[in-house]
Amino acid sequence: MAKNLFDVADTLASMCDRDGCTKFLSFPAAIMATGTRGVIIDMVRAGMADVIVTTCGTLDHDISRTLANYYEGSFEMDDAKLRRAGYHRLGNVLVPLDNYGPLIEKRMQALLTRVYNNGARSITTEELSAEIGKDLGSSKSLLYWAQKKRVPVFVPGITDGAVGSQIWLFAESHRDFRIDLIGDERRLSDITSEAKETGALVLGGGISKHHTIWWNLFRGGLDWACYITTASEFDGSLSGAQVREAISWGKVKEKARQASLYAEVTTVLPFIVSYVITKLNLHSD
């Protein structure tokens with residue numbers, strides 16, 4: 001995979017150096033619970049992403065890790081004991097119970113109340129992500145930097161997480177409040193249709209990956225595509241599907257520059273981003 005590692009890094013560098021290329025960054029939430037979330041923040045600060053498509057857990061962990069702490073654990077720990085001690089386990093990351101659900105509930109209920117009292121009865125996930133970033137107001141927050149750099153963050157599966165549960169809870173007592181998913185889709189339609197070229201760095205798979213390549217289908221496909229995954233294509237999952245399969249759907253152009261890497265993202269992403277920032281002499285601000 002060493003050559004594939006270079007191919008992804010060099011393809012990403014070429015994509016980031018291309019004038020008029022709208023750069024999509026797609027990833028699931030787990031990476032945000034790790035130290036590698038700082039690399040994602042560095043990408044946004046350095047202008048390596050123009051659009052983010054992710055899952056609800058990204059909002060959850062951005063809030064929690066900005067305001068509180070997670071701890072190092074291991075995959076082999078006794079989960080029943082952890083539960084009794086007040087910890088959730090996310091792989092080898094330990095999440096104190098009070099630093100997750102209760103913290104997110106307090107923060108989100110205050111934020112949603114403020115948004116509602118300011119007259120909003122409908123909000124897109126793009127707008128919600130920006131509101132959370134403004135509310136956190138911290139350089140440790142991905143959502144803070146995204147709204148500061150005007151990088152829209154879309155969460156097509158917004159109800160699948162703690163933030164989504166708080167939206168539901170708020171809507172139970174405010175029955176005229178809605179999440180405007182169609183508004184998000186209109187924005188994605190405008191972004192892809194108006195783009196001169198599009199490229200994507202797809203980390204992992206799931207709904208984030210599919211929503212990214214799906215919307216690029218309507219413009220004839222991505223011009224650049226980099227996949228990093230540990231999933232096998234032979235299990236029939238989208239997460240394991242290679243770039244060539246997306247070509248058959250028109251989600252990636254036949255002549256697109258492409259690269260795929262079978263690797264665990266938190267291991268390889270720091271090397272890839274460091275390569276691109278160094279090669280292109282990018283600066284964070």
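The values are calculated or read from the model by the stated rules, or taken from the named source; none is laboratory data. This is a predicted model, so every value here is computed, not measured. Cβ: placed from backbone, ideal geometry, glycine included. Neighbour counts: every protein chain shown.
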Consider only pairs whose beta carbons are under 6 Å apart and that are at least six residues apart or on different chains; among these, list those whose first residue lies in segment 84-104 and is touching a residue at least 60 places away in the same chain (Cβ under 8 Å) and hydrophobic (A, V, I, L, M, F, W, C) and whose second residue is part of a loop (DSSP other than H, G, I, E, B) and surrounded by 12 or more Cβ atoms within 10 Å (Cβ to Cβ). Val93/Tyr70; Val95/Tyr70
Single residue of segment 103-135 satisfying the filter (part of a helix (DSSP H, G or I) and of a type in the set (Gly, Ala, Ser)) that is farthest from the chain's Cα centre (by Cα): Ala110
Taking helices (runs of 4 or more DSSP H) that fall entirely within segment 1-102, which contain at least 3 residues that are under 15 Å from Val202 (Cα atoms) and at pLDDT 95 or above? 2-16, 37-45
Flagged in segment 136-186 as of a type outside the set (Ser, Thr, Tyr), surrounded by fewer than 19 Cβ atoms within 10 Å (Cβ to Cβ) and not in a loop (DSSP other than H, G, I, E, B), in numbering order, are Lys148, Trp168, Leu169, Phe170, Ala171, Glu172, Arg178, Leu181, Ile182, Gly183, Glu185, Arg186
If Val276 meets every condition in (1) modelled with pLDDT of 95 or more; (2) of a type outside the set (Asp, Glu); (3) surrounded by fewer than 16 Cβ atoms within 10 Å (Cβ to Cβ) apart from one, which number is that one? (3)
Grab the helices (runs of 4 or more DSSP H) fully contained in segment 201-285, keeping just those with 1 or more residues being under 19 Å from the mean Cα position of the chain (by Cα), under 19 Å from Lys3 (Cβ atoms) and of a type in the set (Val, Ile, Thr). 265-280
Can you confirm whether Lys251 is closer than 18 Å to Ala49 by Cβ and either of a type in the set (Asp, Glu) or buried (at least 21 other Cβ atoms within 10 Å of the Cβ) (or both)? no
